[in-house]
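Here is the structure we will look at, set down as structure tokens.
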Amino acid sequence: MAPDLKDCPLSSPNVAAPEPLAARMDELLLQTIGVAPAEASRTDLMQAVAGLAREELSRRWVRTQAEDRRSKARRVVYLSMEFLIGRTLGNALDALALHQNVAADLRQRTRQLEEIADQEPDAALGNGGLGRLAACFLDSMATLELPSFGYGIRYEYGMFAQDIQGGRQVEYPDPWLADGTPWEFPRSGITWPVRFGGWVEHTGGRAIWRHAGEVHAKAHDMVIPGHGTDRVSTLRLWKAAAPAHIDLGAFNTGDYARAASTKNEYENISWVLYPNDSTPAGRELRLKQEYFFVAASIQDLIARHLAEHPDLSNLAEQVAIHLNDTHPAIGVAELMRVLIDEHGLSWESAWTICSQTFSYTNHTLMPEALETWPVGLIQHVLPRHLEIIFRINKEMLDQAAQLRPGDHDFLARLSLIDEHGERRVRMAHLSVVGSHQVNGVSALHSDLLVQTIFSDFAALWPQRFCNVTNGITPRRWLAQANPGLAALLDEHLGKGWRLDLSQLSQLAPLQDDAAFQERFMAVKRANKRRLAGLIERSTGYRVNPDSLFDVQVKRIHEYKRQLLNLLHVVSRYQAILADPKADWVPRTVIFAGKAASSYQTAKSIIQLIHDVGSVINKDLRIGDRLKLVFIPNYGVSVAEVIMPGADLSEQISTAGTEASGTGNMKLAINGALTIGTDDGANIEIRQNVGDEHLFIFGLKTAQVRQAKQAGYQPMQHYESNAALRAALDAIGGGRFSPDEPGRYRGLVDALLWGGDHYMLLADFEDYVATQRRADDLFRQPMAWARSAIANVAGMGVFSSDRAIADYAQRIWRMKAKPMTGSGRP
């Protein structure tokens, strides 16, 4: 019988692991991994440690599900295209309070826990902030003891693994499942059919969908442990499987390609996140992906409901389905189809249930980023759903016409169908109409939602809209990513801040404590040395850890304005060359992030970063005064090294374009000072840490709008600012691409002659001046330390626990466990 690890007391870092744990590790190595303990490799040890944690998590998980079934609990169903959970091992050990004991056991085996944890690949289940937010939320749902299921797709190859060749992004599959994962529980008994295509017949008042194709959705569960609780929540991921693996007849005649074609046609649904949608086939695959995981999830939740309740009349009282952005929006039509076509409810009864079950989070204000699908494509892939969407639209427009009779423009803006040009279904509109609550993700974003893209819906249903500002889990992004700072906080605050982040405010009196400042900055220097090591290993460049580490890490996109950052780097480079004897603050500028495979402008920005970096980093006249690096293949594990080592956090999107951001929170909670626009959650960070402890620049949202309405002229900024003109001329003239002088002419022309859509040139002068303010503060180590500590102290409100408690109260009609902050003893 296996020893009960729950009886193992916590050990100090210098004490050997308790005997039951060491014995169980040996047992796992021998019986499960199949290796003698003395011969175990790092990968063997990682699998054994994971197996140890998996056993206890599985016990907790089974108890959790049994209790929820017994109590017929109301559950949150969180539908998301992405869950960027990163590595699981460290989080699992932390949740189980096994971290110290396992570390002690590994030291007895002459290994360090950190090197063992590094053997685990990141789970390639997401790309950026949307997926990382979903992962933080699952962590907080479990921690706050909310019965919950996350639903998504089990991507075999993620979005892509990024490599840099000759400065260019190259995409490769990310085979994170090649050797399996110890955290996955295949559910062979849970498979749901998902159907596509065909036509609809109407007989005797009933609609019958005669589908043309079918794929099976097979469930694979991953465990999401709560902290400070025994509750373990579920992330259920769907793998696409063809009903018949191969055409055996074709195979036996030697037509091997045709034999496997059906299998590949359907199973590619769960191969890659966000397949390139620049082709008709890519767009169809994306739509099929979205419907695939939504249809399987709705079948699953209904089956669970009917196992606990006699019928579906109380579905809205027992289930809260949340749409994380518009990717799962087709779920509104799918639930209506299931209720009406498969369970015989009337339209009116089904709509009452549906509209009280769904809620929706919007993550963007940019109309071009709101997902739409051609009517013809939906007709081809989901013909019954198109009928349902048309009827939802008609009934909504009839209701709206009563509010504003004869206002055809109002109705056209509200319509689920965009009639301009190719007719398209507006998925954000469907999400709003089908939900009882719609929220933005920062105070500014939520205000702008009802003033801009959803203003007409707000006129129709003003009570439907609310705000829930994003948050991050302090367990992952402070306790685990920054153990040095966590230990310092534990010493001064106790461990309760892990479960009640508002306790960070108790640091405020220590901002001016010289001894605390010194220790705080010693932790920062250690983290910067660790980051410098990552930079050297991944780029080949050696950087000075004592320089100002200036960090912009996020998806590469024009509205994120990496190009504005780069214009400052080029301008700074030119200024150093012009005045080399000036008192320049040494600076290392660090970029990381992926560009979508079909987004050529973003890929060009990545190449420009490398070309500029190649020139600057090799210029002996510059030395350590300026370095520019790009860390490839940005993901959670890379971020866990970057965030603690950053001094300056670049959050420089055009005001009014960033819904919230969470990278700004991760960096600030690790003691980085923000340089940014007054946009998204930057505003709330400023309000909580104080104006004097960060650097705000640029036009505000209203000023951006006014400038565009007045006829914004970017050439005026080019002609009036000599430093800007010199930087643009150098880039556009081939200074950094002598082998191809015109390589970046298109980027420059888009700014000068293409309207500078995101107003980089309008903000450049103030941005550069604000960078000088950052230099001035960095020259004063204790003043910088004071502001860094103030940032940590002010981040209590940005916990994902607070965000989930807000969702539970305002949207899901559930009660979350209070954030007691008692911590572990």
Can you list the lysines whose alpha carbon is less than 26 Å from that of residue 218, not counting same-chain residues fewer than 8 positions off?
72, 239, 263, 288
In whole angstrom, the spacing between the Cα centers of the stretch 506-565 and the stretch 137-171 equals 24
Which distance in Å, rounded to a whole number, links the C-alpha centroids of the stretch 278-299 and the stretch 730-747?
40
Place the peptides 223-231, 171-179, 530-538 in order of packing, highest mean first, counting for every residue the other Cβ atoms within 10 Å and averaging per peptide.
223-231, 530-538, 171-179
The stretch 444-503: which trypsin sites (Lys or Arg not before Pro) are DSSP loop and have at most 10 other beta-carbon atoms within 10 angstrom?
none
Where a ≥ b ≥ c are root eigenvalues of the Cα gyration tensor, a/c under 1.5 meaning rounded, otherwise prolate if a/b exceeds b/c and oblate otherwise, the stretch 79-219 counts as prolate
Long-range tail of P(r) for the stretch 584-713 (Cα pairs > 26 Å, %)
34
Mean shadow area of the stretch 685-765 over all directions, Cα convex hull, nm²
6.9
Cα extents of the stretch 666-823 along the three principal axes, largest first, in whole Å?
61, 42, 34
Among DSSP beta bridges whose residues both lie in the stretch 341-480, state the antiparallel percentage, nearest 5.
45
With the 8 Å Cα cutoff and a minimum separation of six or more residues, the chain has a relative contact order in percent of 13
Using amide H atoms built in the peptide plane, which far-off residues or other-chain residues are under 5 Å from residue 190 H to H?
219
Please state the shape class of the stretch 492-649: rounded when a/c is under 1.5, otherwise prolate if a/b exceeds b/c and oblate if not, all from the C-alpha gyration tensor.
oblate
I need the shape label for the stretch 52-93. Rule: rounded when a/c is under 1.5, else prolate if a/b > b/c, else oblate, with a, b, c from the alpha carbon gyration tensor.
oblate
Would you mind checking which residues have amide H under 5 Å from residue 345's amide H? H placed 1.01 Å from N; only 5 or more apart, or other chain.
340
Which order do peptides 66-72, 563-569, 595-601 fall in by mean Cβ count within 10 Å, highest first?
563-569, 595-601, 66-72
Amide H proximity to residue 500 below 5 Å, modelled H, separation 5+ or other chain, gives 821
Rounded to 5, percent antiparallel among DSSP beta bridges of the chain
45
Sort 720-726, 276-282, 445-451, 585-591 by the packing proxy (mean of other Cβ within 10 Å over each peptide's residues), most packed first.
585-591, 445-451, 720-726, 276-282
DSSP loop trypsin sites (Lys or Arg not before Pro) in the stretch 739-791 with at most 12 other Cβ atoms within 10 Å of their Cβ, which ones?
779
Based on the Kirkwood radius over alpha-carbon pairs, what is the Stokes-Einstein translational diffusion coefficient of the stretch 12-149 at 10 °C with 1.306 mPa s viscosity, in µm²/s?
96
What does the accessible area per residue of the stretch 315-406 come to in Å², with a 1.4 Å probe and no ligands, DNA or RNA counted?
34
Low-density loop positions, GluC sites (Glu not before Pro), the stretch 387-468 - DSSP coil, at most 11 other Cβ in 10 Å
419, 422
Check: C-alpha center the stretch 672-699 vs C-alpha center the stretch 354-404, spacing in Å is 36
Just the number, please: carbon plus sulfur as a percent of the accessible area of the chain, 1.4 Å probe, no ligands or DNA/RNA counted.
51
Could you provide, to the nearest whole Å², the per residue accessible area of the stretch 428-487 with probe 1.4 Å?
24
Remind me, relative contact order of the stretch 285-426 in percent, using alpha carbon pairs under 8 angstrom and six or more residues apart?
22
Can you tell me the accessible area per residue over the stretch 548-627, all protein chains present, probe 1.4 angstrom, in square angstrom?
31
If I compute percent of Cα pairs over 53 Å apart from the structure I just sent, which labelled value in (1) 48; (2) 13; (3) 24 lines up?
(2)
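The values are calculated or read from the model by the stated rules, or taken from the named source; none is laboratory data. On a predicted model such as this, the values are computed, not experimentally measured, just so you know. Heads up, the Cβs are rebuilt from the backbone with ideal geometry, glycines too, and the neighbour counts pull from every protein chain shown. Side chains included, ligands, DNA and RNA excluded: accessible areas come from the protein's heavy atoms. Shrake-Rupley method; radii C 1.70, N 1.55, O 1.52, S 1.80 Å.
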